[in-house]
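As structure tokens, the structure follows; a few thoughts come after it.
Laboratory data are not the source of any read-out in this text; all were calculated from the coordinates shown. What you see is a predicted model, and the numbers here were worked out from it, not measured in a lab. With ideal geometry, Cβ positions are generated from the backbone for all residues, glycine too; neighbour counts draw on all protein chains shown.
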Amino acid sequence: MVNTIKLTFILLTLFVAACTMSSGSSMMTLFDGASMDNWNESGNTVWTFSNGYVDGAGEGGFLVSENTYDDFRMVAEFWVDAPANSGIFIRCPDSENIGAETCYEVNIYDQRPDPTYRTGSIVNFAPPAAQINAAGQWNRYEILAQGSRLQIILNGIETVDINDDSFDSGYIALQYGTGVVRFREVLLEEL
């Protein structure tokens, strides 16, 4: 009887470990903070690498994914100073025409003059349910785009959960607008 319980416990432990490993392994690294692999530059931003992250400087611009994505779960880490204006644009149909009118913009802008679409929002679509200041620390966005559902989680707090079918597929773009903007580890799982 004791051996049966031990065997059951061992098998259950192995099963849970296998499930955990398989779910973690489905995330692919889009950006590792060390190279521009998987990305193209757009605009006039100067991107430099330092200490495992990329810094944007100069005039506005984007790092645009080489591939397009439909349904996905994405994790991205970023650091900004208080006046920074940045964002993560998703489902952008045209890699040469990226903006809040042509894509979903998951905003990073604590001091936006109109706070309706500040950090944690999807500009023009959904204000954040919670006001979270991102300046001066590493932050983690979790973005789910599945069918018409868009869910945004910032530092473990859900800020947006809406249904909208304006854009169903496209590029992902990391924006530098103003201030100090840094990105490191960007992971994506296609659904």
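Roughly how compact is the chain, stated as its Cα Rg over 2.2 N^0.38 Å to two decimals? Don't skip to the end; give the middle numbers.
Details: Rg = 18.6 Å, N = 191, 2.2 N^0.38 = 16.2 Å.
Expressed relative to 2.2 N^0.38 Å, the Cα Rg reads 1.15.
Using alpha-carbon pairs under 8 Å, 6+ residues apart, how would you state the relative contact order of the chain in percent?
On the way: 477 pairs, mean separation 59.0, N = 191.
Once divided by the residue count of the chain, the mean separation gives 31 percent.
Towards the positive end of the charge dipole of the stretch 29-190, with charges on Cβ (+1 Lys, Arg; -1 Asp, Glu), say which of 85, 170, 31 has the farthest Cα.
85
Nearest 10 degrees is fine. How inclined is helix 2-25 to the longest principal axis of the chain, computing both from alpha carbons?
20 degrees
Report the charge-dipole magnitude of the stretch 73-191 in Debye, nearest 20, computed about the Cα centre from +1 at each Lys and Arg Cβ and -1 at each Asp and Glu Cβ.
The dipole magnitude comes to about 340 debye.
Assigning unit charges at the beta carbon (Lys, Arg +1; Asp, Glu -1) and nothing else, what dipole magnitude in debye, to the nearest 20, does the stretch 19-99 show about its Cα centre?
Here the stretch 19-99 has a charge dipole of around 220 debye.
Taking 0.36 nm per residue of sequence separation and subtracting the Cα-Cα distance, how much length would be gained by fully extending the chain between residue 102 and residue 32, in nm to one decimal?
22.5 nm
Of the options 43, 126, 67, report the single residue whose Cα projects farthest towards the positive end of the charge dipole of the stretch 21-178 (beta-carbon charges: Lys, Arg +1; Asp, Glu -1).
126
Highest first, please rank the peptides 148-156, 54-62 by the mean number of other Cβ atoms sitting within 10 Å of their residues.
Output ranking for 148-156, 54-62: 54-62, 148-156.
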